[in-house]
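Worksheet: the structure to be examined is printed underneath.
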Amino acid sequence: MLVLLMVGIAWSVQLDPAPDQGQVLLVPDIEYLKDRKEPVYTNGWTEELVLNRPKFQKPQPHEYLTADHIIRHLKKFDYGGAFIAPQAYINKYQDYVGTDDGQYIIPRKEMDYLLNKADGNVDIIEKELGLKPGTFRDRNLKRVDIPFPFKFDLRMPSGNEHQALDSWLPGGVNIRGYSETIISTVPKGEFRIHEIIFPFR
């Protein structure tokens, strides 16, 4: 649960620990986000060639990325993944979250970092996730954690998903540098919903 303390405007993050991980990061781990390797393309593909393909006609990641890059990328989700969604989205489906077409998630560790960096500013959250300004404004937001994303067909996004943004990039990293993957639907009991309380404006 994310709680905003109005005195000093500080964040307190209290989440159940992921398997074998211990407590969630309370201090942004800058070095973790800097420790990135550029996608390694194969079979003559380049980022430009992938992006030039229209949505729903893009190649699958295994066609243009090395197996080593894909394996290394998916390991970032060993301790869980998370995404932010309006309460209305959660109410609509209730017994599950996501779609078989692909629910985008980022590593739990990177979500901790993002929310600490935003410090309650919804505009920053939108920017870091590559969303259009105003996407989350005046919405009752929740953080959804999936402790075991590998159980739900964790895979590299292709950019063909309905949730893929116009700013989507191949290789599993969004326009702001956050790692991302997709999963299929997650049934109730396999995800956790946490409040996000922002300061009054």
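The values are calculated or read from the model by the stated rules, or taken from the named source; none is laboratory data. All of these numbers come straight from a predicted model, not from anything done at the bench. Here Cβ is always computed from backbone atoms with ideal geometry, including for glycine, and neighbour counts include all displayed protein chains. Quick note on the areas: whole protein, heavy atoms, side chains included, nothing else; ligands and nucleic acids left out. Shrake-Rupley method; radii C 1.70, N 1.55, O 1.52, S 1.80 Å.
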**Item:** Some residue of segment 169-180 being free of Cβ contacts under 8 Å to residues at least 40 places away in the same chain, open to solvent by less than 40 Å² (accessible area, probe 1.4 Å) and on the phi > 0 side of the Ramachandran plot
**Value:** no
**Message:** Tell me whether segment 148-164 contains one or more residues that are loosely packed, with under 14 Cβ neighbours inside 10 Å and either under 14 Å from the mean Cα position of the chain (by Cα) or polar (S, T, N, Q) (or both).
**Reply:** no
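Given the options TYR89, TYR93, name the one that is over 14 Å from ILE196 (Cα atoms), touching a strand residue (DSSP E or B) at 6+ places or on another chain (Cβ under 9 Å), open to solvent by 10 Å² or more (accessible area, probe 1.4 Å) and not charged (D, E, K, R).
TYR89
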**Asked** Is segment 19-37 home to any residue that is closer than 20 Å to LEU169 by Cβ, at pLDDT 95 or above and not charged (D, E, K, R)?
**Response** no
**Asked** Looking only at segment 107-144, which residues are among the β-branched types (Val, Ile, Thr), open to solvent by 30 Å² or more (accessible area, probe 1.4 Å) and in a helix (DSSP H, G or I)?
**Response** ILE124
**Asked** Just one of the numbered conditions (1) at positive phi; (2) in a strand (DSSP E or B) is not true of TYR104; which one?
**Response** (1)
**Failed item in (1) more than 21 Å from TYR93 (Cβ to Cβ); (2) in a loop (DSSP other than H, G, I, E, B), with ALA164 passing the rest** = (1)
**Message:** Within segment 69-86, take every residue that is of a type outside the set (Lys, Arg) and in a helix (DSSP H, G or I) and give me the one that is most open to solvent (accessible area, probe 1.4 Å).
**Reply:** ILE71
**Fill in**
(1) under 15 Å from GLU180 (Cβ atoms); (2) of a type outside the set (Val, Ile, Thr); (3) assigned to a loop (DSSP other than H, G, I, E, B); (4) modelled with pLDDT of 90 or more all hold for TRP45 apart from (1)
